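This report refers to the structure that appears directly beneath it.
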């Protein structure tokens, strides 16, 4: 493989590697809705990974050409391990959040049973139920909140949930 081939291979490999790493980190927001990685952080991480992988790949290809394939396999295995670890961490955090939200729903239902005219409890119950994916329960709570406290925000919330 000539020097041009080495440079082309290293370029493609490091960009693919950095893109995959950033994709793994962005799943936190896109799939699990747990807050996002800021553009600055993603850019910094991607840039550092590109530089490190690019330089290390060139060094390995030039110095130990026959071992370069094994080096890249090791890098891919490390990335797969990191992806698996992060996915498990995201799932565990999502489960913890869902447990807390279900506990909050039970607490709100308890308060509503004690004070059925509390519009604020119905508003919060609607928000939490929507986050849990319980759209009908969220809509029902929003309607009760709008009935008890007919302001623009509650009316808009009912319309928003009916539109989903």
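The values are calculated or read from the model by the stated rules, or taken from the named source; none is laboratory data. Just so you know, these numbers come straight off a predicted model, no measurement behind them. No Cβ is skipped: glycine too gets one built from the backbone with ideal geometry, and neighbour counts run over all protein chains shown.
Residues that are in the same structural domain as residue 7 (by TED's automatic domain parsing) and surrounded by 15 or more Cβ atoms within 10 Å (Cβ to Cβ), at least 2 per element: which helices (runs of 4 or more DSSP H) completely within region 68-154 meet that?
Working: elements: 68-114, 119-132, 135-148.
Passing ranges, in order: 68-114.
Right, residue 93: within 25 Å of residue 153 (Cα to Cα) and under 25 Å from the mean Cα position of the chain (by Cα) or not? Spell out the reasoning first.
Values: within 25 Å of residue 153 (Cα to Cα): no; under 25 Å from the mean Cα position of the chain (by Cα): yes.
No.
So residue 48 passes all but one of these: (1) surrounded by 14 or more Cβ atoms within 10 Å (Cβ to Cβ); (2) within 30 Å of residue 4 (Cβ to Cβ). Which condition number does it fail?
Exception for residue 48: condition (1).
Which numbered condition trips up residue 35, out of (1) surrounded by fewer than 13 Cβ atoms within 10 Å (Cβ to Cβ); (2) part of a helix (DSSP H, G or I)?
Looking at each condition in turn, residue 35 falls short on (2).
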